[in-house]
1. If we keep just the residues of the range 191-207 that are in contact with a helix residue (DSSP H, G or I) (Cβ under 8 Å, 6 or more places away or on another chain) and of a type outside the set (D, E, K, R), which is modelled with the lowest pLDDT?
2. Hey, among 257, 271, which residue is modelled with pLDDT under 90, assigned by TED's automatic domain parsing to the domain that holds residue 111, among the basic types (Lys, Arg) and surrounded by fewer than 19 Cβ atoms within 10 Å (Cβ to Cβ)?
3. Cβ contacts < 8 Å: first residue touching a residue at least 40 places away in the same chain (Cβ under 8 Å) and within 20 Å of residue 158 (Cβ to Cβ), restricted to the range 121-145; second residue surrounded by 15 or more Cβ atoms within 10 Å (Cβ to Cβ) and among the acidic types (Asp, Glu), any location; separation 6+ or different chain. Result?
4. Return yes when residue 166 is in contact with a strand residue (DSSP E or B) (Cβ under 7 Å, 6 or more places away or on another chain) and in a strand (DSSP E or B) and no when it is not.
5. Give me a count of the residues in the range 168-198 that are over 28 Å from residue 97 (Cβ atoms) and either exposed (fewer than 15 other Cβ atoms within 10 Å of the Cβ) or not assigned by TED's automatic domain parsing to the domain that holds residue 105 (or both).
6. Quick check on my filter: what residues within the range 80-107 are among the aliphatic types (A, V, I, L, M), surrounded by 16 or more Cβ atoms within 10 Å (Cβ to Cβ) and under 23 Å from residue 251 (Cα atoms)?
7. When only residues in the range 128-158 that are aliphatic (A, V, I, L, M) and assigned to a strand (DSSP E or B) count, which is nearest to residue 247 (Cα to Cα)?
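The values are calculated or read from the model by the stated rules, or taken from the named source; none is laboratory data. Everything numeric in this text was worked out from a predicted model, so none of it was measured. Glycine gets a Cβ as well: all are built from the backbone with ideal geometry, and neighbour counts include every protein chain shown.
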Amino acid sequence: MKKIIFTIALCVGITSMNAQTVEELKAQKSEKQAAADALQGEANAIQAQIDALPGWKKGAFGTIGGSLSEFSNWYGQGTPNVSSGNIGFTINAFANLNQEKFFWNNSANINLAWVKFDDKDDPTDSKKFRESTDVFNISTLYGRKISEKFAISGLAEYRTTLLNNFNDPGYLDVGFGATWTPIQNLIVVIHPLNYNFVFSDNDSVFESSLGAKIVADYTRSIGAVNFKSNLSMFQSYKSSDYSNWTWTNSFSYSLWKMIGVGFDFGLRQNKQEAVNFNLASGNTATTFDNVDNKLQTYWTVGLSYNL
């Protein structure tokens, strides 16, 4: 009986000691985490001061996503012998010069992807990768500062596709106006005098025009997180049919050294492109008045790498 009582007491004591040890470890962890958060806050504040210093600031980050698969005699699916895959990548790069009286910001966004679906039982099925996502955008913004937050500025922005129909269409915006920087890392461009040059073989649909250009760009790095959001809008003075807008977003989170996970998505609406696509698809009755101007979207998820 004494042995049983001793054993029970010993187990209770060990359990109490373990519980006490766990609580102590949790308390120590909370203290260390609080200290780490405080140090991270100080590091972020120092980085903000560094970013505000005059001189060049350069950087790039991107996302790589892809998968490959092959099935042989997999009768449970409609195509038992198939080889498929998708590969894509995104690059966001910038080179910004900040001086006491002026700034010069340059950026590039490239998003390319390929897909393949080869039914081996169909001799006419292509074995090659086909182009899917295709985005190319570069811009340069020069501003002459009139105050800490306002500048007289000029912008040139070019966007098109690279893999298919290069410069058909292609858009070149050139304009002048003002740039507002209400907070660090946020740039708002308002150019009431802007000309939207449109390059295309189909002159009956695509037309250049004068209008207003608005751009909002927010780029920031916080510890292991990189984030970029860019909204580019053109409002034509000639007709709303020639107006367009594009909103792109990129996120990356570093897990180990420079490697992590990334997510990109984009939205666009462009009535000229909608009309041109419907006409090319055989819908010859399509006009600006009856076209279904659907929202254009894309997204990419995969590994990310920060340069």
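1. The residue in question is 202.
2. Among 257, 271, only 257 is modelled with pLDDT under 90, assigned by TED's automatic domain parsing to the domain that holds residue 111, among the basic types (Lys, Arg) and surrounded by fewer than 19 Cβ atoms within 10 Å (Cβ to Cβ).
3. Correct list of pairs: 137/157; 139/157.
4. So residue 166 does not fit the description; no.
5. The qualifying residues number 1.
6. If the condition is that a residue be among the aliphatic types (A, V, I, L, M), surrounded by 16 or more Cβ atoms within 10 Å (Cβ to Cβ) and under 23 Å from residue 251 (Cα atoms), then 87, 91, 93 are the ones that fit.
7. Step by step, filter the range 128-158, then rank; the result is 135.
A quick yes/no check of all residues on (1) hydroxyl-bearing (Ser, Thr, Tyr); (2) out of contact with any Asp or Glu (no Cβ under 9 Å at 6 or more places or on another chain):
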position	(1), (2)
201	no, no
205	no, no
208	yes, yes
213	no, no
217	no, yes
223	no, yes
226	no, yes
232	yes, no
235	no, yes
